[in-house]
Amino acid sequence: MFASSEKHFMNKARFSARNRDMKSPALIVLSLLALSTLSIDPVERFPEYVPWLVPILAREKIAGPVTDVRDGDTIEVRGQAIRFGSLDCAELGTADGRSAKSAMQQLVRGQSLACHVNGRRSHDRWIGSCMLPDGKDLAGIMIARHICRRYW
């Protein structure tokens with residue numbers, strides 16, 4: 001038979017293990033909730049991976065023809081400036097920046113886009129994402145072609 005102190009230790013160890021097992025799912029759920037409240041916004045950061053979610057989470061939709069391409073990661077649709085939240089292109093004053101702008105111009109020439117913005121602004125630009133009529137995300141195309149990088 002166990003001595004009283006040994007029995008107490010065994011019960012405490014069993015209780016701690018049971019508690020730890022119960023805390024694991026709670027810890028996972030809390031961790032996921034914490035991550036979801038960070039600035040991880042699929043509309044802004046990963047639109048090409050969750051295209052079905054973008055219209056649901058967006059605050060506003062701006063649809064229509066492209067009226068200007070400012071640079072590789074900013075366009076105007078119906079006169080509204082939209083900065084792609086997931087895209088980081090070289091500055092316009094560089095050769096890579098001019099190349100990025102040219103690539104974007106070719107992608108959107110004559111296109112009518114569906115853009116979704118999340119309500120945040122950077123200077124005079126809405127932050128969001130835009131899709132071609134076939135549903136492909138413009139920033140995703142620029143990243144896949146290695147013209148620009150993903151903005152984190």
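Below is a table of values for the structure above.
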read-out: Nonlocal amide H pairs with Gly72, under 5 Å, H built at 1.01 Å; value: Lys101
read-out: Rounded to the nearest 20 debye, dipole of the range 93-137 from Cβ charges on Lys, Arg, Asp, Glu; value: 120
read-out: Gained length - Ser102 relative to Arg70, 0.36 nm times residue gap less alpha-carbon distance; value: 10.5 nm
read-out: Difference of contour (0.36 nm per residue) and Cα-Cα distance, Arg120 to Glu60; value: 20.5 nm
read-out: Residue order, fewest to most surrounding Cβ atoms within 10 angstrom, among Ile75, Ile143; value: Ile143, Ile75
read-out: Residue order, fewest to most beta carbons within 10 Å, for Asp71, Asp96, Asp137; value: Asp96, Asp71, Asp137
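Every number here is computed from the coordinates shown, using simple stated rules; none is lab data. None of the values given here were measured: they were computed from a predicted structure. Because the Cβ atoms are built from the backbone with ideal geometry, glycine has one as well, and the counts that use them run over all protein chains shown.
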